Amino acid sequence: SQQGEEDPQALSIQEGENATMNCSYKTSINNLQWYRQNSGRGLVHLILIRSNEREKHSGRLRVTLDTSKKSSSLLITASRAADTASYFCATDLEDKLVFGAGTILRVKS
Amino acid sequence: DGGITQSPKYLFRKEGQNVTLSCEQNLNHDAMYWYRQDPGQGLRLIYYSQIVNDFQKGDIAEGYSVSREKKESFPLTVTSAQKNPTAFYLCASSTAARTDTQYFGPGTRLTVL
């Protein structure tokens, strides 16, 4: 299986609610990144967290990293319809970025 | 505006044809990448290049070829040897190291007729 795997595969919430997505990985990493992809478009980088960091914020995004559990979570607070997209985690493995299969988030207005 | 452009947005190929996907960046990035994305799957690395006139195979290079004659350009050719080329193709670039933040183009959707 892949180095990084997101969970859940799909998530549907109401506007204003918080959305949490998780990423688990298998081997030690130097950094972990989260990207967003709107339907039919390219990926957009959201946030990078290094292995010596535990939490990072960017606007309504909060990312945590637990290297002991080899997992990361992405929290989107006060979600908006415009947050509807696929979210991917990417981890460094053998000096390259490896992307998970993604979580599809649907925010209903 | 700085960024990555890909063309065309949609491409149709007949069986046995080679087609070339364009990728240009004006971010002054050294490294460029080609990924393939299939429905419900993550990105798979086809080829990457860290400097001009040099490139390396990724995980699924069979049936594809690339060139890197200029820093700004990294075209991908899908050859007739690629048996299942229908997919969404994404080009990306980064400053140097392969694990740096990558900046993506808008993608090309290739369909085999």
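Scanning the stretch A:1-16 for residues that are surrounded by fewer than 21 Cβ atoms within 10 Å (Cβ to Cβ), not in a loop (DSSP other than H, G, I, E, B) and not charged (D, E, K, R), which turns out nearest to the other protein chains (Cβ to nearest Cβ)?
Taking the candidates together, the pick is A:ALA10.
Within the stretch A:17-35, is there a residue that is of a type in the set (Ser, Thr, Tyr), open to solvent by 10 Å² or more (accessible area, probe 1.4 Å), out of contact with any Gly (no Cβ under 8 Å at 6 or more places or on another chain) and more than 14 Å from chain B (Cβ to nearest Cβ)?
Within the stretch A:17-35, one or more residues are of a type in the set (Ser, Thr, Tyr), open to solvent by 10 Å² or more (accessible area, probe 1.4 Å), out of contact with any Gly (no Cβ under 8 Å at 6 or more places or on another chain) and more than 14 Å from chain B (Cβ to nearest Cβ).
Which one of these does B:GLY40 not meet: (1) in contact (Cβ under 8 Å) with a residue 40 or more places away in the chain; (2) part of a loop (DSSP other than H, G, I, E, B)?
Answer for B:GLY40: the failing condition is (1).
Based on this model, can you work out whether A:GLY40 counts as open to solvent by less than 20 Å² (accessible area, probe 1.4 Å), of a type in the set (Gly, Ala, Ser) and closer than 27 Å to B:LEU110 by Cα?
no
Checking B:PHE12 against (1) away from chain A (no Cβ under 13 Å); (2) open to solvent by 80 Å² or more (accessible area, probe 1.4 Å); (3) assigned to a loop (DSSP other than H, G, I, E, B), only one condition comes out false. Which one?
It fails just one condition, (3).
Can you name the residue in the stretch B:77-113 that is outside any loop (DSSP other than H, G, I, E, B) and farther than 18 Å from B:LYS14 by Cβ and is also nearest to the other protein chains (Cβ to nearest Cβ) among such residues?
Of everything passing the filter in the stretch B:77-113, B:PHE104 is nearest to the other protein chains (Cβ to nearest Cβ).
Look at B:GLY58 and say whether it is within 10 Å of chain A (Cβ to nearest Cβ) and exposed (fewer than 14 other Cβ atoms within 10 Å of the Cβ).
In short, no.
Output the number of residues of the stretch B:30-50 satisfying the condition of being touching a Ser or Thr at 6+ places or on another chain (Cβ under 6 Å) and surrounded by 22 or more Cβ atoms within 10 Å (Cβ to Cβ).
Within the stretch B:30-50, residues that are touching a Ser or Thr at 6+ places or on another chain (Cβ under 6 Å) and surrounded by 22 or more Cβ atoms within 10 Å (Cβ to Cβ) number 1.
Pairs needed: first member in the stretch A:51-62, more than 21 Å from A:GLU15 (Cβ to Cβ); second member anywhere, open to solvent by 80 Å² or more (accessible area, probe 1.4 Å); C-beta distance under 8 Å; at least 6 residues apart or different chains.
Going by the 8 Å Cβ cut-off, the qualifying pairs are A:SER51/A:SER28; A:SER51/A:ASN30; A:GLU55/A:ARG62; A:LYS56/A:ARG62.
The values are calculated or read from the model by the stated rules, or taken from the named source; none is laboratory data. A quick note: this is a predicted structure, and the numbers were derived from the prediction, not measured. Cβ atoms come from the backbone with ideal geometry, glycine included; neighbour counts cover every protein chain shown. Surface accessibility is based on the protein's heavy atoms, side chains included, excluding ligands, DNA and RNA. Shrake-Rupley method; radii C 1.70, N 1.55, O 1.52, S 1.80 Å.
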